Amino acid sequence: MKSVLAVLFAALAFACSPPADPPWKVFDGGDSFTVEAPGAPKTEEIRENAPPLGVITGRQHQWETPSNRFYMAMFMNFPVEVARAGDMTKAMAAMADGIAKRTKGSITSEKPVVVLGLPGLEYEIKMGVQKGSLRIRTVESHGVVYLIAAGWPEGRKSYKDEERFFDSFKLK
């Protein structure tokens, strides 16, 4: 009888455990960066008319895991005139504001960061729609803004996998 109960408890524990996330690997989509992430991403081309900045182009890669973690890495090319104007910090801040609005959330922290020797900004957003948090790091190099993000469900702090994702970001 004890062995039957042990098997039943083991089966119940297995059935209630979250599905395993795909193995992590270095992703190189032919863009100007690499990043380590779980599995293969969904990729989308970006072309957005963003007055007064002009047309912004780029590519976005998204990973969503069975354990409800979300990762995103993207780059956006800004018009030469915008990059020449010098202060891409405003463009990076506008990106975070736009994400906060799209998720019906609010920015809960904001700080300057240096990533790979380049100036950047890091934000944390409490999302209203998806009921979770999103950490965003942006960095600019020669008129290209790189954005990496990790999201997690409400009620928990960032996992070590989010740190792994952020720390693995490299420019080529």
- request: Treating cross-link reach as a plain straight distance, find the aspartates and glutamates whose alpha-carbon is under 19 Å from the alpha-carbon of Lys172, omitting any fewer than eight places away in the same chain.
  value: Asp28, Asp31, Glu36, Glu140
- request: Enumerate the calculated ³J(HN,Hα) couplings along the range 40-50 in order (Karplus 6.51 cos²θ - 1.76 cosθ + 1.60, θ = phi - 60°), each rounded to whole Hz, writing x wherever the residue is Gly or Pro.
  value: 9, x, 8, 10, 9, 6, 10, 8, 9, 8, 10
task: Rounded to whole Hz and in sequence order, give me ³J(HN,Hα) for the range 63-76 from the Karplus expression 6.51 cos²θ - 1.76 cosθ + 1.60, θ = phi - 60°, writing x for Gly and Pro.
output: 10, 10, 9, x, 8, 6, 9, 10, 9, 9, 9, 8, 10, 9
query: Non-local amide H neighbours of Val115 (under 5 Å, H modeled in plane, Pro and chain starts lacking H): which ones?
result: Gly120
query: Can you work out ³J(HN,Hα) from phi for every residue in the range 165-171, in order, using Karplus 6.51 cos²θ - 1.76 cosθ + 1.60 and θ = phi - 60°, giving whole Hz and x for Gly and Pro?
result: 4, 4, 5, 7, 5, 9, 8
message: Taking amide H atoms as placed 1.01 Å from N in the peptide plane, list the residues 5 or more away in sequence, or in a different chain, whose amide H sits under 5 Å from that of Phe169.
response: Glu36
field: Leading residue at positive end of dipole, the range 19-171 (Cβ point charges), from Gly98, Gly143, Ile125
entry: Ile125
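Using the 10 angstrom Cβ neighbour count as an exposure proxy, how do Phe78, Phe169 rank, fewest first?
Numbers: Phe78 23, Phe169 18.
By the 10 Å Cβ count, ascending: Phe169, Phe78.
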- request: Would you grab the residues whose amide H sits under 5 Å from the one on Ser32? Only those 5+ places off in sequence or on another chain, please, with H modelled 1.01 Å from N.
  value: none
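Values in this text are rule-based calculations from the coordinates and carry no lab data. Computed from a predicted model, the values in this text were never measured in an experiment. Here Cβ is always computed from backbone atoms with ideal geometry, including for glycine, and neighbour counts include all displayed protein chains.
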